[in-house]
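A short write-up of the structure that comes next.
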Amino acid sequence: MRHQVNYFTRDRDGYMSAFRDLQHLRRDLELIDIEDHEYDCWTADGVRWDLSVVGDTIQVDRRPGTAEPAALRQAIENYATSGGVRFEDVRAGSSREAIQELWSAVVAQRENEKETVIARIWRRLFGSGE
């Protein structure tokens, strides 16, 4: 695994993002999108968090009693399958470790797909290189 993921967001279109920490989350999300309630947010343990804007800062607050690891796993699976990612060999369940393993599989397959597309374009433009 490349790095530990501690926060996940899902936008209205189902696109998932992962962040190591709140600093990265605050840096990468746009204030206007937070104000428009564009995102759902979870910790890697499946705890739901509310995102809001206070001044010019993104505020992150835990929703009381909202541990939903199965909902987080389902969101990641939906995101994965919408992009054609297969994850049959990934550990079942909604533990933090299972969520991390699932996310790593999604990222690895998506990166592999990007490399495949780039290689095809390269061969088409410049030949096989032989």
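The numbers here are math on the coordinates, done by the rules we state, and not lab data. On a predicted model such as this, the values are computed, not experimentally measured, just so you know. Every residue, glycine among them, receives a Cβ derived from its backbone with ideal geometry; neighbour counts consider all protein chains shown.
Taking region 22-67 as the range and being charged (D, E, K, R), closer than 16 Å to Asn6 by Cβ and in a loop (DSSP other than H, G, I, E, B) as the test, only Asp45 passes. Residue pairs whose Cβ atoms lie under 7 Å apart, sitting 6 or more positions apart in sequence or on different chains, and linking a residue in region 77-103 that is more than 22 Å from Asp45 (Cβ to Cβ) and touching a residue at least 12 places away in the same chain (Cβ under 8 Å) to a partner that is surrounded by 14 or more Cβ atoms within 10 Å (Cβ to Cβ) and of a type in the set (D, E, K, R), are Gly83/Arg110; Val85/Arg110. If you go through region 68-90 and keep only what is within 12 Å of Leu102 (Cβ to Cβ) and touching a Lys or Arg at 6+ places or on another chain (Cβ under 6 Å), you end up with just Ala75. The residue that is nearest to the chain's Cα centre (by Cα), counting only those in region 75-103 that are crowded, with 17+ Cβ neighbours inside 10 Å and polar (S, T, N, Q), is Gln100. Selection within region 8-26: residues that are surrounded by fewer than 19 Cβ atoms within 10 Å (Cβ to Cβ) and hydroxyl-bearing (Ser, Thr, Tyr). The member of this set that is nearest to Cys41 (Cα to Cα) is Ser17.
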